[in-house]
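The values are calculated or read from the model by the stated rules, or taken from the named source; none is laboratory data. Keep in mind that this is a model prediction, so the values were computed, not measured. Using ideal geometry, Cβ is built from the backbone for each residue, glycine included, and neighbour counts are taken over all protein chains shown.
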Amino acid sequence: MENLVIIAQIVLALSVVYVWVFRFDNIVLEFKQYGLPDLIRNFVGASKIALATLLITGIWYPGLVLYSALSMAFLMICAQLAHFKVKNPIPKYIPSFILLIISLFIAGVQAGFITL
């Protein structure tokens, strides 16, 4: 079952990289809608890509995973709050909510709260 956590790490990391690299034009529009400056957008993007890299590296160095997953969960909670702030329709919440659940699952397993 250890493979399930590794798959979750890969899915989370690749999802974040896909959105922040290949769909960056969409991110620019969303952050404008949220009323957040470019500096915040760039900081969030760099943070998410760095955390995604740590999650992949954590496959070989498990000590990196817990704090990376918790930090990613925090950023996904912030994304949920941003959607709520601008009153987006429910479907807009779903991607970051799914990534939040995956982040919490990874962190829960690493912390020993979830046993497989």
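The table for this structure:
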| item | result |
| --- | --- |
| Failed item in (1) part of a helix (DSSP H, G or I); (2) surrounded by 12 or more Cβ atoms within 10 Å (Cβ to Cβ), with L39 passing the rest | (2) |
| Flag if F113 is of a type in the set (F, W, Y), exposed (fewer than 14 other Cβ atoms within 10 Å of the Cβ) and not in a loop (DSSP other than H, G, I, E, B) | no |
| Residues within segment 15-34 that are touching a residue at least 12 places away in the same chain (Cβ under 8 Å), of a type outside the set (V, I, T) and either outside any helix (DSSP H, G or I) or closer than 16 Å to A73 by Cβ (or both), tallied | 1 |
| Test: residue in segment 41-51 that is more than 11 Å from the chain's Cα centre (by Cα), β-branched (V, I, T) and either modelled with pLDDT of 95 or more or more than 15 Å from A73 (Cα to Cα) (or both) | no |
